[in-house]
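The values are calculated or read from the model by the stated rules, or taken from the named source; none is laboratory data. Quick caveat, the model's predicted, so the values are computed rather than measured. Please note: Cβ atoms are built from the backbone with ideal geometry, for glycine as well, and neighbour counts cover all protein chains shown.
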Amino acid sequence: MAVLRGQKEIPMHYSISKDQGKTWSRAKSIGFAGHSPHLNRLSTGEILLTYRGAIRKKGIDWNDVSSIFTAMRISFDEGVTWQGPYLMSKSSGAYPSTVELKDKSVLMFFYEEGKGSGVGVFRFVKPANVLDHLIHTRLTYSETFRILNRFTEY
């Protein structure tokens, strides 16, 4: 599965490959707007989709940082339907990525844009039933490097 970013009022689209990327299905609407999509299949089978979203007013203005947020959705059916969005940050973050750690927690990181920007990092666990009770903790800069350094040693 690949997700293509949306543009203005055009939602993100997705395409499926059943031969490891040699051929792809015709792109279909995923049903919601977003930029910078990132997919990650968890060891339990669910697919996480992290992306930069926008609040719809009369139209989406991707340059209006006050309406941009970083979000996550989860699919339990191979991307046919998506639960969420789960708001991860009200900052105008972009290019969020996730990695599942050995302890089954998920590390999400992204960069922030605008005044006072930096790097956003969250480490969270997925409850056994649904992601409705998302637990996330904002890590300090030093904790971020400690976790990433431990991860990159594997």
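Taken together, the residues in segment 1-50 that are assigned to a loop (DSSP other than H, G, I, E, B), free of Cβ contacts under 8 Å to residues at least 12 places away in the same chain and surrounded by 12 or more Cβ atoms within 10 Å (Cβ to Cβ) amount to 1. Looking only at residues that are modelled with pLDDT of 80 or more and of a type in the set (Lys, Arg) in segment 63-104, which one is surrounded by the most Cβ atoms within 10 Å (Cβ to Cβ)? My answer is 73. In the set (1) modelled with pLDDT of 80 or more; (2) assigned to a loop (DSSP other than H, G, I, E, B); (3) in contact with a Lys or Arg (Cβ under 8 Å, 6 or more places away or on another chain), residue 60 fails one condition alone, (1).
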